[in-house]
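Below is one structure, written out as structure tokens; the observations come after it.
Any read-out appearing in this document is the output of simple, stated calculations on the displayed coordinates, not a laboratory observation. Computed from a predicted structure; not experimentally measured. A quick note on method: Cβ atoms are made from the backbone with ideal geometry, for glycine too, and the neighbour counts reach across all protein chains shown.
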Ligand code: FAD
Ligand code: NDP
């Protein structure tokens, strides 16, 4: 049993949806393209799962957040794929890939061959088992990577109103889910090993702004320790967690957000890997010229840093996907991928954006006791990163544009004095 396509996108997440739209813009013919996805639904905007999807009032539900609404583009429903002659092979896991033969074998036993393959397999949530803690498949322990996880989280959350949640991890999932739990009237404790939340991006000063707000909403931060074990009922439901520091936290619900691992295993030994991802060049092409990789699974040259990086953010997924399609369909006119890293989050009524990299000295500006503030990072005499909370569209555009230019900074105190005025004037 087998089918052949010119173009195959492996994975049906954010990058797949944006790649599909780009294929239609570049003139793909009916029957030439297919998307194979383990998930049972058409590509959707994954960020919605930790935000709108968890709201107690008028929560976001599919089909409202299919790609590509997150970039204010068309919403690609299953009907759209049908109308554009794109085959959606859903609920189907690819279990092996043969790069030499240009074939994929699905768990259902079908062989799918391609002329060009785009790998968009994203990543999987890390489990506590990988840190020596067992029991994370219990009915009230939740992860958050896909729609099934989010649906389970909503169910457990609704059964826990007024109760206690323990959030393991102080990164993106930890912060966004903790905010949603508070909004759902659940008491939250957050446990993480670092001295402050969002340890890889925030400075202590930025972290403390958000932590103070969370504390004012009743969130209990337990820092500098990790979980050592779950406490269960005889039926296998978790009732609490033991921490390495010897303390105990009761729990009706546990959310684990301790990072991800890119889904590279199908290609290990067949394609070159770097920094945990599939290595691609500035055309998003892997070590095999018929195979491209995009989104969370790809390690690509970030031109302004002069090195290969793997990014785990939606903007990179959208833009790398579009670029790979352009490189395949219009190889002679597609320039090198030149990407400025962009991360953002929305929690409670806060909204921040970050561009570039958080290297060197942080120079703060704005009102840290108010609603709008930010920071620049200056490294080796150049502005290399910018963070802004509570900005307007013009202000976010300005920090992005200026960060891309990496302007020389000779006087740090002048930069501090000018604050946001520095980017608005350029
Ligand atoms: P994914 O969207 O993860 O898609 C991968 C797809 O491949 C999945 O459908 C998966 O089932 C499928 N797949 C994997 N292996 C196989 C296989 N063997 N066979 C078939 N199918 C397979 N980023 C931001 O910048 N801002 C945010 O606010 C934000 N919020 C987020 C909230 C949540 C809850 C999560 C989980 C992530 C969030 N992100 C956010 C990160 C962002 O969603 C990811 O960077 C983005 O989804 C990556 O896109 P992708 O297509 O590479 O991978
Ligand atoms: P992150 O990498 O953001 O954060 C994981 C956090 O968990 C880190 O603070 C990490 O600490 C900590 N940690 C690691 N091991 C343990 C442990 N055993 N016990 C307690 N804490 C631990 O990953 P998330 O899981 O939060 O997010 C998963 C993915 O989803 C990421 O790719 C993220 O980009 C994406 N996402 C993005 C959002 C956004 O951009 N707004 C929103 C939601 C998700 P350490 O740093 O020391 O390892």
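Worth a mention:
- Contact order relative to length of the stretch 55-168, as percent, for alpha carbon pairs under 8 angstrom and 6 or more apart: 9 percent
- Proxy reagent accessibility, fewest Cβ within 10 Å first, across 325, 41, 188: 41, 188, 325
- In terms of other Cβ atoms within 10 Å, 386, 208 run from fewest to most in the order 208, 386.
- Counting only the Cα atoms, the chain fills a convex hull of 153 Å³ per residue.
- More than 25 angstrom apart: percent of Cα pairs within the stretch 50-180: 46 percent
- Shown is the FRET efficiency for residue 127 and residue 220, computed with R0 = 25 Å from the Cβ-Cβ distance and rounded to the nearest 0.05: 0.55.
- Paramagnetic reach from residue 303 in the stretch 330-374 [backbone N under 15 Å; point 7 Å along Cα→Cβ]: 333-341
- Average projected area [Cα convex hull, the stretch 1-61], square nanometres: 5.5 nm²
- A crude spin-label estimate for the pair residue 288 and residue 64, with each label 7 Å from Cα along the Cβ direction, gives 4.1 nm.
- Paramagnetic label zone (point 7 Å from Cα along Cα-to-C-beta, residue 361; backbone N under 16 Å) in the stretch 408-426: 408-419
- Most mobile of 389, 139, 130 in a GNM of the chain (Cα contacts under 10 Å): 130
- Using R0 = 30 Å, the C-beta based FRET efficiency linking residue 411 and residue 245 works out to 0.10.
- With contributions of -39500 (n - 2.57) from each DSSP H run of at least four residues, the per-residue ellipticity at 222 nm computed over the chain stands at -7000 deg cm²/dmol.
- Taking every DSSP beta bridge that has both ends in the chain, the antiparallel portion is near 60%.
- Taking other Cβ atoms within 10 Å as a rough exposure proxy, 80, 352 sort from fewest to most as 80, 352.
- When you restrict to C-alpha pairs under 8 Å that are six or more residues apart and normalise by the size of the chain, the relative contact order lands at 13 percent.
- Looking at the stretch 32-98, the pairs of alpha carbons with a distance over 19 Å make up 41% of the total.
- Pairwise FRET efficiency - residue 3 versus residue 270, Cβ, R0 = 22 Å, nearest 0.05: 0.55
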